[in-house]
1. In whole Hz, what ³J(HN,Hα) sequence does the stretch 298-310 give by Karplus (6.51, -1.76, 1.60; θ = phi - 60°), x for Gly and Pro?
2. Using 0.36 nm times the number of residues separating Ser75 and Glu204, minus their current alpha carbon distance, what extension gain do you get?
3. Starting from the Cα gyration tensor of the stretch 26-175, take the square roots of the eigenvalues, sort them a ≥ b ≥ c, and report rounded, prolate or oblate (rounded when a/c is under 1.5, otherwise prolate if a/b is larger than b/c, else oblate).
4. Counting DSSP beta bridges with both partners in the chain, what percentage is antiparallel, nearest 5?
5. Note down the nm distance, to one decimal, between modelled labels 7 Å out along Cα→Cβ at Ala333 and at Glu37.
6. Compare the peptides 36-44, 50-58, 286-294 by average per-residue count of other Cβ atoms within 10 angstrom and give them in order, highest first.
7. Treat each spin label as a single point 7 Å out from the Cα along the C-beta direction, and report the Asp93 to Ser168 distance in nm.
8. So for the chain, if I pair up every lysine 8 or more residues apart or on another chain, how many of those pairs have alpha-carbons under 16 Å apart?
Amino acid sequence: MSEPTIKVKRLAYVRVGAPDLEKAEEFLHEFGLRVAERAGNAVYLRGSDPDPHCYVLTEGAPGVQAIAFEAEAASDLDKVARIEGASAIEKLDEPAGGQVVRLRDPMGMQVEIVHGQAALEPAAAPPPHDFNMDGRRTREGGLPSVRPGPSHVRRIGHLVLESAEPVSVYRWYHEHLGLRKADEIHLPNGATQMLFASLDRGAEFVDHHVVGFQYALDEGSRVQHIAFEVANFDDLMAGHAYLGARRRKNVWGVGRHRYGGQIFDYWASPQGVIHEHWTDTDLVNEDHVPTDCNIVDMRDYWGPPPSLAFAVARWNFTALRNLVGLLGARLRAGR
Ligand SMILES: [Fe+2]
């Protein structure tokens with residue numbers, strides 16, 4: 001198999017549009033992101049890790065407008081600039097600086113490959129949390145380090161791209177950015193329901209998935225959700241209580257995923273973009289052997305089933321037919 005054009009280092013940021021910036025920003029503060037800087041009509045938000053901003057909020061049409069990955073080396077930008085349809089290498093005129101090459105993936109999504117952005121100083125985060133569990137007493141005489149209020153987002157971790165052709169979208173990311181299949185879930189007809197892909201960092205352990213390529217029940221194309229790591233389990237639950245008290249829309253969770261292993265909690269923004277809090281993900285490296293399973297056999301470790309608002313981004317006849325087909329297959333399988 002031929003080598004990919006480059007192997008990206010990490011998911012860097014998303015650009016998200018909102019018609020009402022103030023309303024959108026209020027949600028993001030409650031979700032646990034903090035403002036790194038404001039410039040022009042954009043708000044640059046960050047987590048507590050020293051990475052540059054991971055979220056660019058701009059006034060405009062609602063939804064995720066672009067996704068960005070960090071390249072390992074400046075020379076990688078020369079390589080991606082040669083991909084068909086790529087922009088030239090351009091200066092990023094934004095708070096973290098750096099350079100960018102802009103691409104379009106097969107879904108039509110803008111993909112930015114960046115290098116040379118300036119890191120930030122780490123921001124305050126809750127102290128490590130010790131548990132007296134599993135027969136181990138690691139917190140003797142101390143109190144749990146739980147703080148009521150918003151979760152503390154550390155960083156952006158992954159996103160899910162959904163389309164009618166998830167495998168061909170994955171192939172593009174594999175061939176050009178080096179993403180590597182981690183595990184795959186099939187539909188009852190054998191087609192791909194979800195293909196999880198990780199970064200390829202060789203022996204270094206990375207999150208189980210940085211992008212999930214999902215079959216969209218309505219056969220539309222979009223970023224289905226964006227996901228952020230929070231400090232720890234208590235921090236996630238504190239955020240769950242906080243967002244719930246503010247009547248934000250929970251669309252799935254709390255639960256623990258079978259694939260990826262993370263404890264998850266999904267919230268819809270006022271613009272309808274699904275934002276995930278997660279903690280305690282599985283880590284994989286080059287030795288990971290991908291597995292396949294059928295969706296009728298797939299169950300998360302624990303937690304409620306997804307809501308309709310999570311499963312179907314847009315209702316049309318295709319979505320309804322696919323949903324009825326899936327539920328029917330589960331019933332016939334007695335699960
Ligand atoms: Fe996720």
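1. 8, 9, 5, 4, 7, x, x, x, x, 6, 4, 5, 7
2. Net length gain for the segment: 44.3 nm.
3. Because a/c hits 1.5 or more and a/b exceeds b/c, the stretch 26-175 counts as prolate.
4. 70
5. Label at Ala333, label at Glu37, 4.9 nm between them.
6. Values: 36-44: 15.6, 50-58: 21.7, 286-294: 12.2.
With the highest mean Cβ count within 10 Å placed first, the list reads 50-58, 36-44, 286-294.
7. Between Asp93 and Ser168, the simple spin-label model gives 3.7 nm.
8. Close lysine pairs found across the chain: 5.
Computed from the coordinates by the stated procedures, all read-outs in this text should not be read as laboratory data. The structure presented is a predicted model; accordingly, all values stated were derived computationally and were not measured. Virtual Cβ from ideal backbone geometry, glycine too; neighbours counted across all protein chains shown.
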